[in-house]
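One structure below.
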Amino acid sequence: MKGKPKKSPREKDLTARYLAGGLDEDRLEAQKRFGDKSKHFQKRKTERTALLRAAGEEASGDVESLPAGDVLQVHSLFCEVEGDDKRVRICVVRRTLTRATSAFVVVGDRVRFRETTTFDDQERPEAVIEAMLPRRTLLTRADSFKAIEAQPIVANADQMLIVAALAEPWPKWGLIDRMLIAARAGGLLPILVLNKSDLAATRGGQRELHFALAALEHYRSMGVDTLQTSVTTGEGIATLADRLRGRTTVLAGHSGVGKSSLIRAIQPALDIRIGAISNYTGKGRHTTTSARRYPLATDGGQGGYVIDTPGVKLFGLWNVTRDNLAEFFPDVEAETAPEWRLESYQRILESLPG
Ligand code: GDP
């Protein structure tokens with residue numbers, strides 16, 4: 001790798017703008033969403049004493065023969081599991097299991113559960129999770145590199161849709177690089193989407209726009225799957241729908257870039273920001289506050305799922321070290337990286353524990 005050429009103050013300023021994170025926006029968004037719903041579930045807590053008691057009792061019988069399902073969402077004391085029969089169960093994790101593995105279930109986890117004879121107040125069957133099956137892929141939280149153990153957030157997703165906007169807001173390339181690494185390190189295929197391509201017409205000629213298009217081309221040259229979309233004109237929406245079909249896709253990217261609009265463009269009935277799902281509470285709508293998996297319309301069973309992770313716009317770089325970071329920057333290794341990618345590499349390198 002060559003030494004870094006010197007930059008003018010103006011260039012430094014521009015690079016800083018491109019690489020800067022918008023974490024404050026994301027925190028605000030998370031706080032806004034973390035409201036009514038958690039109170040709602042705290043209230044439920046008292047209604048679940050029978051289920052919690054069942055979690056503490058001795059397990060019996062053969063775990064292998066129990067029905068399996070996928071975790072849809074984790075709440076503070078219980079989680080929702082969709083069985084392979086498509087029925088949703090309200091579950092708690094067997095306490096001995098939590099102790100033995102020190103593992104918490106996360107959205108996307110595949111589990112085996114034992115049904116109890118109890119039902120919740122919406123007549124949904126309750127069950128105890130007896131086993132957690134091995135994870136194929138795993139995303140962790142952004143702060144987890146400071147922790148001793150990884151803090152999982154999404155399991156078993158196939159791919160990560162990294163959404164940025166061509167403008168409004170301008171892309172933060174440093175964050176996009178981090179998301180690409182988080183996806184790959186977790187075993188997920190990254191797909192980079194530059195949404196709001198219609199804004200090129202009004203923003204044409206601006207320096208940031210040229211930068212964005214050149215950056216997209218650079219990612220493409222490294223073999224990253226990239227798309228340009230517009231919810232307004234419909235550009236790229238069919239291609240995006242095709243990419244999502246039959247897969248489990250985690251949505252990533254800043255608030256305001258158009259994630260929920262893109263999902264609505266593909267499936268008008270699904271509003272991930274409202275938590276969809278009138279059949280979820282049966283009592284009207286509420287805002288989603290934690291990661292949740294949503295089914296995409298089934299075309300002969302080939303629908304796929306999207307996982308929205310409100311408030312978690314930055315995933316951890318678990319297993320990424322100063323020694324192996326260069327593997328995620330093939331352009332840096334090949335000495336073909338433009339200045340902003342070298343800068344991005346340096347920033348991430350410095351953020352990793354030494
Ligand atoms: P999210 O926070 O990432 O889910 O973003 P939203 O889907 O809520 O979109 C944020 C804003 O951008 C909304 O006002 C949308 O109407 C707007 N928006 C979304 N997609 C596009 C697009 O392709 N073009 C334009 N011009 N605006 C868009």
task = Once you have the Cα-Cα distance between Val63 and Glu327, take 0.36 nm times their residue separation minus that, and quote the gain in nm to one decimal.
result = 91.0 nm
key: Packing rank of 172-180, 257-265, 214-222, where each peptide gets the mean count of other beta carbons within 10 Å, highest leading   = 172-180, 257-265, 214-222
query = How would you order 225-234, 193-202 from highest to lowest mean count of nearby Cβ atoms within 10 Å?
reply = 193-202, 225-234
Additional length obtainable on full extension of the chain from Ile237 to Arg87, 0.36 nm per residue less Cα span = 50.9 nm
ask   = Considering amide H positions built from the backbone, and no H for Pro or chain starts, which residues 5 or more places from Asn195, or on another chain, come under 5 Å of its amide H?
value = Ala164, Ala165, Leu166, Thr229
task = Please work out the C-alpha center-to-center distance from segment 161-180 to segment 127-142 and express it in whole Å.
result = 28
ask   = Which ³J(HN,Hα) values in Hz, rounded to whole numbers, follow from the phi angles of segment 152-167 under the Karplus curve 6.51 cos²θ - 1.76 cosθ + 1.60, where θ = phi - 60° and Gly and Pro get x?
value = x, 10, 9, 10, 6, 6, 8, 8, 10, 8, 8, 9, 10, 10, 4, 7
key: Label-point separation in nm, Gln346 to Asp225, each point 7 Å along Cα→Cβ   = 3.4
ask   = How high is the FRET efficiency from Arg53 to Gln122, r the C-beta distance, R0 25 Å, rounded to 0.05?
value = 0.80
key: Protection proxy ranking, peptides 158-166, 124-132, average beta carbon neighbours within 10 Å, highest first   = 158-166, 124-132
query = Which length gain, in nm to one decimal place, applies between Arg207 and Phe104 when the Cα-Cα distance is subtracted from 0.36 nm times their residue separation?
reply = 32.5 nm
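Read-outs throughout are calculated quantities, based only on the coordinates presented, and are distinct from any laboratory measurement. Because the structure is a prediction, the values reported are computed rather than measured. Because the Cβ atoms are built from the backbone with ideal geometry, glycine has one as well, and the counts that use them run over all protein chains shown.
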